[in-house]
1. Please give the residues from segment A:343-359 for which the solvent-accessible area of heavy atoms, probe 1.4 Å, is smaller by at least 20 Å² with all protein chains in place than with the chain isolated.
2. Give me the base-10 log of I(q)/I(0) for the protein assembly as shown at each q in 0.07, 0.08, 0.09, 0.11 Å⁻¹, Debye formula, one uniform scatterer per Cα, rounded to two decimals.
3. Give, to the nearest whole percent, the P(r) tail of segment A:296-356 beyond 19 angstrom, counting all Cα pairs.
4. With every protein chain left in place, what is the accessible area per residue of the protein assembly as shown in square angstrom, probe 1.4 Å?
5. Can you list residues whose amide H is under 5 Å from residue A:24's amide H, if they're 5+ apart or on another chain and H is modeled 1.01 Å from N?
6. Which lysines, on any chain, are close to residue A:48 with Cα under 16 Å apart, when same-chain ones fewer than 8 places away are left out?
7. How large are Rg and Dmax for segment B:16-317 when calculated on the C-alpha trace, in angstrom?
8. Please report the buried accessible area for the interface of B with A, total over both chains, probe 1.4 Å, in Å² to the nearest 100.
Amino acid sequence: MTALLELRGVDKAFGSVRVLQGVDFTVESGHVVALAGENGAGKSTLMKIITGIYRRDAGSMKYRGQEARFANARQSMDAGIAMIHQELNLLPALSVGENIFLGREPVDSTGRILWGEIDRESRHWLGQLKQNIDPRTETGKLSIAQQQMVEIARALSMNAEVIIMDEPTDSLTDVETKILFDVVDHLRAEGKGLVFISHRLGEIFQMCDDVAVLRDGAMVHQGPVSEIDEDTLIRHMVGRELSDQYPFVPAVPAAVRLKVEGLVARGVREVSFEARAGEVVGFAGLVGAGRTELGKAIYGANPATAGTIEIDGAPMRIGTPRDGVRAGIGYVTEDRKLEGLIQSHGLRRNMSLTGLFRFSGSSGHIDKRAERAEITDYINAFSIKTHGIDAVVSQLSGGNQQKVSIAKSLVPKPRILILDEPTRGVDVGAKREIYTLINELKAQGLCILLMSSDMPELLGISDRILVMSNGLLTGSFDRGEADQEAIMRCTVAGLTEGTVQ
Amino acid sequence: MTRSFDFRTFVMENIPLIGLIVLMAAVSLYSPNFLTVDNLLNILRQTSINAIIAMGMTFVILTAGIDLSVGSILAFAGAVCASMIAADTPLIVALLTTLVIGAALGAASGSIIAFFGVQAFIATLVGMTMVRGLVLVYTDGRPISTGDFDVANSFYEVGGGYIAGIPIPVVIAGVVFLACWYVLNYTRLGRYVYAIGGNEQVAQLAGVNVSRVKVIVYAISGALSALAGIILTARLESAQPTAGLAYELDAIAAVVLGGTSLAGGRGRITGTLIGALIIGVLNNALNIMDVSSYYQMIAKGAVILLAVVLDGRSKATSK
């Protein structure tokens, strides 16, 4: 067994902030190494040092036995280290084949691109991933999961020796995750070294050989997965005991807050359900089942073409997000980066955007003192780690950004809160904080709709679970009677019928 | 240690201001006539028209838009205003009507952008062309004099008069600046302007009426262009059909010199004011130095390039 990649004593600081301290990290041939750690522990920084995006301040890195120092991502890629980013780096307007060969298109002697070869090669690598995608398809038209597969195909086509995957399963359904794991097994058998960054501990135990844990910039553990259990792993990650990942408080029976009747919208065929004040209603389903579309339809971002929405017994006309906000609906999008927060703006401006009317009268004049007070309250109450009320959002960790996102939706004082994938890309510790928060909001009488692809999470914190498939509701479970298998059956129930228009 | 750090940050964040000061210092070393009250007031007066247009342009650019129609609106507003003055219309009526026409023309571009999804560059290019045509039709290609009625004399004051020794155009530009500064920093509208430029989708999903804000922003730009047209016409006592040609470029230059990002969402109205002053000082200095007007354009282009590159670098390193 040989070490493909070996880092010793790597240090990295940004200004006066030490991000990595004396980190050792080894990736062996034919091994899958899980890199675990909370957000902000230094995982991304470490990966960026390996791939040459950052330069290390101290320490050594050996790649295939030789000292390596990459000046940029290109060099590491050419050397055989591929990174698949959580935020996919594909150009949506280009075809799948163009994306796979971007920057290294095969050409003939006159410089003409050999499209036939791109096509053939792309099919070959996609085929390895059991993906029947036409390389000439426009990439933006693929689902996120399919795009992920395209990224992996690109890495494979470069004959990468070390493949780093950052949260690859986050946007994948169970079926797709299974395919990905098969691919990983295949790569392992070929002697590649894989680094797998994931917040899903189950996956680490399921498919990784080694696990390395970063905490506050230090490597606190690296060893075989077989020699560690989940509790120990969590303790290494957070540096303390984590009791009960899903703190659940049952709902107190209350009046119906939201009544949706025959709702039809893009991606939603016909949905009727009720949700009570002080209740968490979970929505399960495969990617593309229509959960996001349903959430947006209720909020007004995906206007309903038929059906009614009643809130506290009063019929509502909701055709725009503005109507949704006025009707007392808070919405937290699954896509923080594109739809949730203005990345280049500060916390304050982001958090008060939806609820700005609360700090300003009809004249439009903003009472900055009231605004500052409330935003500061949220930052403290949600323990958002930031160096100031105007710190730029893009510099926050995923978990903190998510808290900002939730706070933003709460500033207008909603009666109903729609949370779409609220813990995506969020570490274990922050996840639990978000669950606790959901419980608090529930106790305050908020009606919460929770869309999530994380099944244990849904089972863990929902009072009821509704299942969507192909734009329809195909199942409804009370907390006691819900189990993973029954829900899975419902998630595919709608697929046998026609497709969504 | 911390002090030097603060100084660095200060420099990084105030490149336009420092540039202006350095420029003024350099010119005053070269020519003793530069740093005189008369010359400075002269610069301010000459700058005020571009500054007023550029402040409207700042709103537009902050939403990640652009307004190419400002020069044409200026000319049309001037022509309409001049003919109203020549017809002995009460001053206040003439001024308000002109401003409303400017706002309406801007709102028209804004509506095309907001409701038909036409790119701002194209929509305002269309506006620029059509309104210029309107000017030529309206004036028949000839200047319109403000006439001989008494009202023409009071109208002249708008462009050529003084209040407490300060040229009235400068006072107007000052008032416009304060109003813009207030709106951008202390009102909902201002926040929405920044939010739309920062990420239109986020703003939309946060319940911001994006279309409405866009229409308002172009209306502001149109109204301020009309205001500039009024001042120019008043000072010249006539409206020229070719007035305001290429003014959009100076306005955009002032906004960009002031550090506002053409990508939207980031920038300050104070920066725009400084940007306009840099252009004004530069024009004045090149005149004092007797540089031929042909070379002036090259020099102006070079300074804008230098400023933008410096600013871009400071933003890249402060990340």
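The values are calculated or read from the model by the stated rules, or taken from the named source; none is laboratory data. Note that this is a predicted model, so its numbers are computed, not measured. Here Cβ is always computed from backbone atoms with ideal geometry, including for glycine, and neighbour counts include all displayed protein chains. SASA here: full protein model, heavy atoms, side chains in, ligands and nucleic acids out. Shrake-Rupley method; radii C 1.70, N 1.55, O 1.52, S 1.80 Å.
1. The answer is A:344, A:345, A:349, A:353, A:354, A:356 - residues whose exposure falls by at least 20 Å² when every protein chain is included.
2. Results for the protein assembly as shown at q = 0.07, 0.08, 0.09, 0.11 Å⁻¹ read -0.66, -0.84, -1.01, -1.30.
3. Working: 665 of 1830 pairs.
When all Cα pairs of segment A:296-356 are counted, 36 percent exceed 19 Å.
4. Numbers: 35430 Å² over 820 residues.
Value returned for the protein assembly as shown: 43 Å² of accessible area per residue.
5. A:9, A:10, A:219
6. A:12, A:62
7. 19.0, 60
8. Working: alone 15750 and 21910 Å², together 35430 Å².
Buried area (both sides, nearest 100 Å²): 2200 Å².
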